[in-house]
Every structure is written in structure tokens, then in C-alpha cells.
Amino acid sequence: MQAQKPRGTADIFSPEVERWQHVEGVARNLCREYNYGEIRIPEFEHTELFLRIGEVTDIVQKEMYTFLDRGGRSLTLRPEGTVGVARSFIENKLYGGVLPVKFYYLGPMFRYERPQAGRGRQFHQFGVEVFGASGPWADAETILLAVDLFKRLGLTDLAVLLNSLGCPDCRPAYRQQVLAYYQDYRHQLCRACRERMDRNPLRLLDCKEETCRSLLADAPRATEALCPECDSHFETVQAFLAGAGANSRVEPRLVRGLDYYTRTVYEVVSKDLGAQNTVCGGGRYDGLVEALGGPPTPAVGFALGLERLLSILKTQGRTATAGRPLDVFVVATGESSRKQAPRLAQRLRHAGYATDVDFLDRSVKAQMKHAGRVGARTVLMLGDAELATGQVLVRHMASGRQDVLELGDLEPGVAAVLGRKDG
RNA sequence: GUGGAUGUAGCUCAGUGGUUAGAGCACCAGGUUGUGGCCCUGGGGGUCGGGGGUUCAAAUCCCCUCAUUCACCCCA
């Protein structure tokens, strides 16, 4: 195996890439309707930026693609989008401008992990971020945008899970409650959970082990430990969602991995994925901008995995794409017509027709066969005899019908053949 | 980082110790000297993932390695 892509990466082309373009197009259009503007930020940042947040998450701990550049700087391929967008918000002093600002991004992320279904080392996310809005409508709007995207792509059987992690005022107390609760059952917990007690107690709620799960029922619930402000915020988010007709479910064991989240957290999950069943994850992160050296700025957003989204589309059979329709294939049959073929192809291209032409000096039969294989709707046949009298043949491939066209009248003639339903 | 499954032609796979490793599809050419799809005939194409070992003999058995894939951890 000589030519071999790096582990966990993918080559995307022909029929697949059209599906990507479709999804991206729908997302961009939706963002226009919701008035989110695109932001394009670097695909690598100073390693320091990622280290300043999320010290306890695995993604920072052991999954970063970090390298030294030739100037000795430590740089890291972005493992997610939010931190970079927040950095840009601060660096460009957007907090001094018109607020709120609403961004979306679309692009590759990098994490050093063992690949599995729905997980690669380079993967792609569509995400949105809102800065400068603390009210619950902002939370709800991002969720509605995601739900609309799925709806517009024709996806079904998705569930929106909601939870609130509280704020710096009420979360520590809840964290203690969880810790205290599990302390009594420490000997029953799985090994991973015993580590979680020290590293990230809230993660205890999310364990998949049977015995740990059985403890969950009586565990303290985040939503019952919220301070009055957080509680009212969360209630209002839910009311907005319900009012907009979006189904969602409060899931007390939902705990997001990145530790800059505050208050609202949410996920969209699908049973049409493998073990990695989250297609979209987001929430509010009111502390992030300040943690990165900016002024206190509330923010909320989500990231959505495009590979996972495409995977659901595939299993739900929503993969119909137009492909790449080729209007005309130019076939040359003689000495002088072979010289004319590329010129006619150019003429048709400039008239707006997707047009291709043989490069390989193949036989007429081979050219015809090729035209059929690539799905050309029509073939323009150039013969020396017809060219001498200023004519060409146009063949409608589906019906086999052929017409004679005057060279001077080429474009309208092709248009007529393409427009005819039955040829 | 841990565990399981799988690597044979471009693709899907057969071949589990014994001649020059096969099939279907795809590709190319001819049958049809200027006409695709269907049919017929022929052709090109293989370091059997890589390396080492056992054996008279290895695609086949053993070890290592790389890759793919699924799961854990964690996450989109």
C-alpha cells in the first residue's frame, strides 16, 4: 500500500461530495434566514488557547494534534470551533460593536482518537455561536435552527435532549450533592466512575455500566438544584421551544464534555447512528469569553457533526441527489471534426451547457459508450461530411432520436432537444 | 490507550498446505471501417496489506507490523 491516507481521514468525491454540497447549501441558506453570518477562522491556533479552557476534558488532555512550527511556536489543529470563534470575537473587539453577533461556521476539526462509526481524526462541523445575548430566547433560537436544519433535510426520529447545569453560583452545590450521593456507593461503582469522582463528578451521571445506571434513579437532579435565576431561565427556554412546536425532553443525566458550559446544555441524538449517537451538541457558555481575556459576555451555540448527519441521511434513505447532469457530450467522427470538437464544446459551455468532449482520440463507438456511461443527456456528433455543409447531428440519448442542426443555430437547437421530454 | 472482527484484480468475493491464484461486475478492443445501453468473442490488470518464521511446498499454519472496521474511554 503506497498511496495511503492518514488514519481517520477520508477522501470525498463524486456521488458523495454532492451530498455534502447539498447539506452545506441547506445550512448556509438556513443561516441566512436566521441572520447568522459566516465566520472563517484559522484551522490551527496557539496551543495555549485550547489549554486555557477545558483542562479536564480528554479532548484537551490527550486528543490534540499539537506541533511546533519552524519558529518554535506550539500550534494545535483546532479540535472544535467555539474557542476559536470566541478568540476572534475578543481579538477583533466585536464586543464593542453591535450586539448580539450571530455567527456560523463550517469546516474541519481534528482530534487524535481511535476511529469508529461516526468518528474520525479529521471530521467536519457546522456550528453557530451567539455572543452578547443572555436571555433564554438565544438558547432556544439555536436549538430551533438545528431542528429546522434536520427538518429541511427530511430527517425524522431525532430527539432533542435538554438539561441545565446551573451557573457558578448554584453548580458547586449541586456538584457536592452528586459527590455526596455517590460517595455512599463508591464500592459499587465501576473503575471509570471511581476516577470520575475525582476528575469530573457530573460525569458519574452519564455512565453506561448497569450498576452505575441503577444508582442514577435516586441521584440528585440538576434541574432541582438550580438557583431561582437559572431555574427561571431554563423554564423559559423550554416554554419557547414548546411554543415553537419543537419537541424536547429534559434529560437529567445530560452532561456536556467541555467544561465552559453554563446553564442550558442540549444534544440532538439519533438511533440511526452507532454508539456515537449525538449528531448535535451545544449549550450556553457565559464564562468562556471572560476566561479567554475578554469582557464578561454571555454566549450560546452548538456544533453539529456533518459526517454523522450524512450518515443519518443515508440510513434514512434521504440520499437522492441530482448528481452531475451533463447536458452535452461532443463526439467527433472524422479527421477535421476532431479539430472542431473542442471548439464546439467551448461554444456550448459559454452558452451555459455542461459539456464534455473526448480527449483520447477514441473510436466513435468508444466515444458514444463513454457518453452513455457518464450520463450525457445529448451527444453532438460532428462528421466531416456534415461539417462541410455547416451541419451537425444531435442525438437525444434517452430516446435515440437524432436531429440535424445548422452550426449557426447550434445553441437554440440544443436547447430544444434538451427541453423535449420525450426527445 | 484497551478489546474483538477483517485485509486475495478497480469493486464484491471464492479459494483453509500441493501445477502458471479464480469468478461476477467494471475497464479496453473486436463482432458493427460514422452511433451508447442488450448480446457474443478476445484482452489488459494480482508485491494474495507488509516483514519474518515453520515446511520439500504457504493466499492457506505461527509471530510481528500496518490498515480497515466495530466497541470501550471520550465526544460532533
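The values are calculated or read from the model by the stated rules, or taken from the named source; none is laboratory data. On a predicted model such as this, the values are computed, not experimentally measured, just so you know. Every residue, glycine among them, receives a Cβ derived from its backbone with ideal geometry; neighbour counts consider all protein chains shown.
Structure notes:
- Qualifying residue in region A:71-88 (condition: in a helix (DSSP H, G or I), away from RNA strand B (no atom under 15 Å from the Cβ) and over 14 Å from the mean Cα position of the chain (by Cα)): yes
- Considering region A:175-230, the residues that are in contact with a Ser or Thr (Cβ under 7 Å, 6 or more places away or on another chain) and within 27 Å of A:Ser134 (Cα to Cα) include one that is modelled with the highest pLDDT, namely A:Cys230.
- Looking across region A:144-186, the residues that are in a helix (DSSP H, G or I), touching a Leu at 6+ places or on another chain (Cβ under 7 Å) and under 17 Å from A:Asp206 (Cβ atoms) come down to A:Arg171, A:Arg175, A:Val178, A:Tyr182.
- Only a single criterion out of (1) within 16 Å of RNA strand B (Cβ to nearest atom); (2) under 30 Å from A:Arg32 (Cβ atoms); (3) among the polar types (S, T, N, Q) is not satisfied by A:Thr156, namely (1).
- A Cβ distance below 6 Å, combined with a sequence gap of six or more or placement on separate chains, defines the contacts here; from region A:380-393, residues that are touching a residue at least 24 places away in the same chain (Cβ under 8 Å) reach residues that are assigned to a loop (DSSP other than H, G, I, E, B) in the pairs A:Gly383/A:Thr333; A:Gly383/A:Gly334; A:Asp384/A:Gly334.
- Checklist (1) exposed (fewer than 15 other Cβ atoms within 10 Å of the Cβ); (2) modelled with pLDDT of 95 or more applied to A:Pro172, failing item: (2)
- Among residues of region A:191-230, those that are touching a residue at least 40 places away in the same chain (Cβ under 8 Å) and more than 10 Å from RNA strand B (Cβ to nearest atom), counted: 10
- Cross-chain or 6+ apart pairs with Cβ under 7 Å, region A:103-116 first and more than 15 Å from A:Arg7 (Cβ to Cβ) and part of a strand (DSSP E or B), then within 12 Å of RNA strand B (Cβ to nearest atom) and among the hydroxyl-bearing types (Ser, Thr, Tyr): none
- Filtered residue count, region A:392-420, keeping only those that are more than 14 Å from A:Leu326 (Cα to Cα) and within 9 Å of RNA strand B (Cβ to nearest atom): 6
- Being outside the structural domain of A:Ala140 (by TED's automatic domain parsing) and either outside any loop (DSSP other than H, G, I, E, B) or surrounded by 15 or more Cβ atoms within 10 Å (Cβ to Cβ) (or both) is true of A:Gly8.
- Checked against the criteria, A:Val83 counts as touching a residue at least 24 places away in the same chain (Cβ under 8 Å) and under 27 Å from A:Thr297 (Cβ atoms).
- Test: residue in region A:43-55 that is under 18 Å from A:Gly293 (Cβ atoms), within 13 Å of RNA strand B (Cβ to nearest atom), in a helix (DSSP H, G or I) and aliphatic (A, V, I, L, M): no
- Among the residues of region A:304-327, the ones that are in a strand (DSSP E or B) and modelled with pLDDT under 85 come to 0 in all.
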